[in-house]
Amino acid sequence: MSRWLFFSSSCKFISIFAEGKYFPYLGHSFLRLSSKEIPLSWKVFHFSGIHTLKFDWQKFGEKAVITSLTNKESTSALSSKNGMERNFITPVRAMNDFFLKPSDLEILRKTRRRSPYESEPPITVYWLKDVEAKALEVWGSQEALDRERKKKTEELKRYQQYIFSVKRVLKDMRKEPANWSPQGGLMEGSGKVVLTAVAINGCNFLFKMIAWMYTGSHSMFSECLHSLADTVNQLILAYGIHKSSQQSNPDHPYGYSNMRYVASLVSGVGIFCVGAGLSVYHGITGIFNPDPIGSFYWAFFILGGSLVSESATLLVAINSLKKGASKAEMSFWEYVKRGQDPSVNVVLLEDLAAVLGVMVAGSCMAVATHLNSPIPDAIGSLLVGIVLGAVASFIIYSNSAALVGRSIPLSSIQQINSELERDLMIRAVHDVKGIDMGSGLVRYKAEVDFDGRELTRSYLDKQDLEMMLEEVRNMKNINEMEAFMLKHGENIVDLLGAEIDRIENALRKKHPEVRHCDLELL
């Protein structure tokens, strides 16, 4: 019958399988021997050189037993692995569990054991009984050691609760702006105004184009170009509104709110080049190369319908801007001048120019019909081009100023500064910058002088001062004082971060337009 003899490279334990019975062993290699090949005595040498194990093999029927060992320490080496590990302790655990210092461990006997990680070198460990004895020597008694453990456990719990509360504040602060969309999308506010203008100006363009093809009027051609430019530009505005409502991402951490200004700037350039440029060119051509005029009968009806529709869109834009000005606590003209809502601003100015252009074109066409001369009609085209050029220039100026970055009103900055200075933790506010980022967004930056005494007092109010005093009295060397200062210093810095988050969060709630608040410490 075959027998299996397992042995490890470290020779800690041995298992001998015999007829289904075995001794527990965790090994790495094995040797298969038959019953006849097993000698009466088998020696296994411990490779670490600590001790030698000697086994005598005796056969009683079909059973194999171990009859003798050379020493008692070898018997303990044949115990379970868990039991083996309970006899040793690492330096870190010795200092954490028994509150010893590195100098206390230097005089204790130590050994090296295999690391639990295969790629790591052997680790240094101490005998557990030696560490326990040293802890009793340092602390005086088991009761004193237990009291210290209880105190450390309570301190750890308080620290963990404090860290949890700080992280919860940070989590709430980060969550708040995530679901916020600047001034809605195409289906809200200014988006509805722009879509309404697109539909009306598109219809006006089709009717004006039919009237121009029927009459050949220079003024009607200018109005046709005007409506085409308005339609295309308002489609660009619609895209800008849609893009500006997207959330921020790592590539654009401050979002896409400026897309409204970009779209409005492109719209202004389009009005100036296409609308104003072609109207002026067509008017000059009509003056120097006049053509006979035809009947303007149907053109007057189309211009009358265009006047009504453009006036309706103009009223919608005015109402939208009035609501925005009231919400921003600004006058209507100041709101328009600053371009707080650039998309509706462009619709307002385009429709205002359209109404004026229709009135100018109709008047010039009437004069041309009365005098039976094409010159007044060509002059009407020139006047419409001039009106469009003036409107486009204002749109370009207001939106380029917003894109460069302009300050919010001084009254708003002073109001925010006064609220910060009223906070107990802040002594003064310096180097303040409030930038209007467009679409109702404001970025506020300031350097704040924190009151260190108030911050420390706030921290101490949450601590057990008697316990801290006892801890200070029990200090025996600089190392203990350093550990004490490091622990509480880190906690105070964490409290400072939590206070800054609290102040920024309160500022955002009171001033919803301030979506990016940067407070720097002096």
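The values are calculated or read from the model by the stated rules, or taken from the named source; none is laboratory data. What you see is a predicted model, and the numbers here were worked out from it, not measured in a lab. A quick note on method: Cβ atoms are made from the backbone with ideal geometry, for glycine too, and the neighbour counts reach across all protein chains shown. Areas reflect the complete protein model, heavy atoms only, side chains present, ligands, DNA and RNA absent. Shrake-Rupley method; radii C 1.70, N 1.55, O 1.52, S 1.80 Å.
The convex hull built on the alpha-carbon positions of the range 199-279 has an orientation-averaged projected area of 5.6 nm². Mind grabbing the base-10 log of I(q)/I(0) for the range 207-349 at q = 0.16 Å⁻¹? Debye formula, identical points on the C-alpha positions, no solvent, two decimal places. Each listed q corresponds, in turn, to -0.94.
The stretch between GLU329 and CYS273 holds 16.6 nm of extra length on full extension. This uses 0.36 nm per residue minus the Cα-Cα distance. Take the Cα of ILE107, step 7 Å toward its Cβ, do the same at CYS203, and the gap between the two points is 10.1 nm.
Along its first, second and third principal axes, ordered by size, the range 231-314 spans 62, 30, 13 Å in Cα coordinates. Between the listed residues TRP127, SER141, SER115, the Cα displaced farthest toward the positive end of the dipole of the range 110-150, a dipole computed from Cβ unit charges relative to the Cα centre, is found at SER115.
Given LYS327/LYS462; LYS101/LYS157; LYS129/LYS462; LYS110/LYS157; LYS322/LYS510, which pairs have Cα atoms separated by over 31 Å?
LYS327/LYS462; LYS129/LYS462; LYS110/LYS157
Ligands, DNA and RNA left out, the accessible area of the range 467-522 computed with a 1.4 Å probe is 60% carbon and sulfur. What separates the Cα centres of the range 318-336 and the range 245-294 is a distance of 24 Å. Normalising the average separation of contacting C-alpha pairs (under 8 angstrom, six or more residues apart) by the number of residues puts the relative contact order of the range 418-460 at 38 percent.
Leaving out ligands, DNA and RNA, what percent of the accessible area of the range 185-250 is carbon and sulfur, probe 1.4 Å?
74 percent
Fully extending the segment from VAL92 to VAL493 would add 141.7 nm, taking 0.36 nm per residue of separation and subtracting the current Cα-Cα distance.
Residues of the range 314-342 with amide nitrogen under 12 Å from the 7 Å Cα-to-Cβ point of ARG406? Residues 334-342 fall inside that zone. In this simple spin-label approximation, GLU470 and ASP449 carry label points 7 Å from Cα along the Cα→Cβ vector, and these lie 4.1 nm apart. Normalised by 2.2 N^0.38 Å, where N is the number of residues, the alpha-carbon radius of gyration of the range 382-522 equals 1.68.
Within the range 190-241, the proportion of C-alpha pairs whose separation exceeds 17 Å stands at 36%.
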